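What follows is a set of notes on a single structure, which appears directly below.
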Amino acid sequence: MASFVSVSTAAYDGYGFDVILPSLARCGVQNVEFAFIDGYVEAFTDSDFTEAFANELRSEMQRHGQQCRYFSGHIDLGIDNATTRLEARCRFAASLGASFVITNAATRERSSTFFQQADTLAAIARNYGIRILLENPGNRVPNLLDHAGDVLGLLEQLDTQAFGLNYDIGNLLAHCPDREPLADARAAIPLADHVHLKPCVRKGDRIDFVSLGEGDIDDTTLAAELFRQDKPFSLELPFRLHRDANAQPWRDDQPLPLDLIEMRIARSLEELLASLN
């Protein structure tokens, strides 16, 4: 595979990293994207982002021949304490060996605060050797980055040495249901530094997340295009997660069985290989 492809730990919501990393290794995954996303995974706080924890995870990755280049630590960068919270994530990501932190920009009602502190956010990222990749959200709250049409207008107001784009087509399906997802993705991908593939299906008034090749949109064709463009991407497969009729996330009461998660990841990786043919 020419493109840099990661698999997100979001697939394992409810399990500890002492289980997640060896499981990913059994699936043949060498590139790990750690996911610390409120509402997507088990509860955590910023105080968890310690150097000791990062060193523990890095040592565990080394035991399994793994690395982390992309770290998902979503916050709204328009909140008042965004600089402090971003610094915690950048410091932790850098300690893991990552070069990119994926997060959201800001809701439109917090846009002025976001732009006021954008230079400070950029300086924090540069200090840790990190680039901030802004991701389009999926919760239907108006954002500075709702879809592909917002990308250029947003980035031209920012320091693009510090800020870039992580495009998530699965989020678009929930956030902007009236937009044609593949057309939006094809407009965004040339501008993106990294892409999330997050296959999902609509079931009545909710959205479920599934293996690659089983979603409502043709993620396999999109993966083939990403390979052709040598565009880095991650399989973000939050199998325990759902979205309700208002696109708000909710999670199953219990984690999925480990063997089921591994089977779905293996199926997704097989589908990726098929996209190369």
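The values are calculated or read from the model by the stated rules, or taken from the named source; none is laboratory data. Only a predicted model underlies this, so the values are computations on that prediction, with no experimental measurement involved. When we count neighbours, we look across all protein chains shown, and the Cβ atoms used for this are built from the backbone with ideal geometry, even at glycine. All accessible areas refer to the heavy atoms of the entire protein, side chains included, with ligands and DNA or RNA removed. Shrake-Rupley method; radii C 1.70, N 1.55, O 1.52, S 1.80 Å.
What is the sum of charges around Arg110, taking Lys and Arg as +1, Asp and Glu as -1, for the other residues whose C-beta is under 10 Å from the C-beta of Arg110?
-2
Ignoring ligands, DNA and RNA, what accessible area per residue does segment 18-89 give at 1.4 Å, in Å²?
It amounts to 44 Å² per residue over segment 18-89.
How large is the accessible surface per residue of segment 123-277, computed with a 1.4 Å probe and reported in Å² as a whole number?
Here the residues of segment 123-277 average 41 Å² of exposed surface.
By how many nm would the segment from Glu180 to Ala224 lengthen if fully extended, with 0.36 nm per residue of separation less the alpha-carbon distance?
14.0 nm
Using just the helices of the chain, give the 222 nm mean residue ellipticity in deg cm²/dmol: DSSP H runs with n ≥ 4 each add -39,500 (n - 2.57), and the total is spread over all residues, rounded to 500.
For the chain, the value works out to -11500 deg cm²/dmol.
Given an 8 Å cut-off on Cα distances and at least 6 residues of separation, report the relative contact order of segment 115-249 as a percent.
22
By the scheme Lys and Arg +1, Asp and Glu -1, what is the net charge of all other residues having a beta-carbon under 11 Å from that of Gly14?
-2
Which residues among segment 80-97 fall inside the zone where the amide N is under 18 Å from a point 7 Å beyond the Cα of Ser111, along Cα→Cβ?
So the set is 80.
Quick check: convex hull of the Cα atoms in the chain, volume per residue, rounded to a whole Å³?
Considering the Cα atoms of the chain, their hull volume per residue is 118 Å³.
Let a ≥ b ≥ c be the square roots of the eigenvalues of the Cα gyration tensor of segment 73-186; is it rounded (a/c under 1.5), or, if not, prolate (a/b larger than b/c) or oblate?
Because a/c hits 1.5 or more and a/b exceeds b/c, segment 73-186 counts as prolate.
Quantify, in whole percent, the carbon and sulfur part of the accessible surface of the chain (1.4 Å probe; protein heavy atoms only).
Ligands and nucleic acids excluded, carbon and sulfur reach 45 percent.
If you filter segment 134-215 for chymotrypsin sites (Phe, Trp or Tyr not before Pro), then keep DSSP loop positions with at most 11 other Cβ within 10 Å, what is left?
Sites meeting the loop and neighbour criteria: none at all.
If a/c stays under 1.5 just call it rounded; otherwise compare a/b with b/c (prolate if a/b is bigger, oblate if not). Do that for segment 4-107, with a ≥ b ≥ c from the square roots of the Cα gyration tensor eigenvalues.
Note, shape of segment 4-107 comes out prolate.
Against the 2.2 N^0.38 Å scaling, with N counting residues, where does segment 23-73 land? I'd like the Cα-based Rg ratio to two decimal places.
That works out to 1.19 for segment 23-73.
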